[in-house]
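Structure, as structure tokens:
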Amino acid sequence: YWQTQVFDVYLGNSSLSGVWQSCEEENSKLTTGEIGIYGPDWKNLYNVEVEPKVFTPNGDGINDMVEVRFCVTLLFGRGGVVLEVYDKVGRRLRRYREERPKDTATGFSGASGSYKMHWDGKDESGRKVPPGVYVVKVYVEGTGAVELRTVGVAY
């Protein structure tokens, strides 16, 4: 699991107190007058890992859950983070959502940071899913950032 540091990036003009320009993904080049910023490809969602790759949600206390770890960088917007689980024919079985509060000091989205979400091998009704391979979909609402992984369920 990668350790990351997230930095809030924005531009200000010393002659205009309190006026800031955001550095967002949509802007690969930001300009204000003669000022320009060029940066590497920006990602809102990265370092997505699923552990273990196969789990056994049988209630014995060993490998009963899968942990999905990932990092998010989102400067603006509400940006809820969602984890969904699908079966092999594309039916959504389970959905988890987390939305962190906005930073009141800066006004930036609170979504940035490291996440750990868990799936217990059950569908929305609380029934255990049958053994098989499932697709885990992680995304940040409103950004287009989506990552897919697979996980196996065995009993």
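The values are calculated or read from the model by the stated rules, or taken from the named source; none is laboratory data. Because the structure is a prediction, the values reported are computed rather than measured. All Cβ positions, glycine included, derive from the backbone under ideal geometry; neighbour counts span all protein chains shown. Note: accessible area is taken over every heavy atom of the protein model, side chains too, but ligands, DNA and RNA are not part of it. Shrake-Rupley method; radii C 1.70, N 1.55, O 1.52, S 1.80 Å.
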(Q) Condition check: in contact with a strand residue (DSSP E or B) (Cβ under 8 Å, 6 or more places away or on another chain) and modelled with pLDDT under 90. Does ALA111 satisfy that? (A) yes
Test PHE76 against the stated conditions and say whether it is modelled with pLDDT under 85, surrounded by 14 or more Cβ atoms within 10 Å (Cβ to Cβ) and among the hydrophobic types (A, V, I, L, M, F, W, C). yes
Filtering the range 18-32 for residues that are touching a strand residue (DSSP E or B) at 6+ places or on another chain (Cβ under 8 Å), modelled with pLDDT under 50 and part of a loop (DSSP other than H, G, I, E, B) leaves a count of 1
In the range 84-119, residues that are surrounded by 15 or more Cβ atoms within 10 Å (Cβ to Cβ) and of a type in the set (Asp, Glu) total 2
Checking VAL151, VAL129, VAL136 in turn, the sole residue that is surrounded by 16 or more Cβ atoms within 10 Å (Cβ to Cβ) and more than 27 Å from THR73 (Cα to Cα) turns out to be VAL129
Apart from one, (1) surrounded by 14 or more Cβ atoms within 10 Å (Cβ to Cβ); (2) out of contact with any Leu (no Cβ under 6 Å at 6 or more places or on another chain) all hold for GLY144; the odd one out is (1)
When restricted to ASP41, ASP60, the only residue open to solvent by less than 90 Å² (accessible area, probe 1.4 Å), of a type in the set (Asp, Glu) and either more than 21 Å from the chain's Cα centre (by Cα) or modelled with pLDDT under 75 (or both) is ASP60
Being basic (Lys, Arg), in a loop (DSSP other than H, G, I, E, B) and at pLDDT 90 or above narrows LYS88, LYS116 down to just LYS88
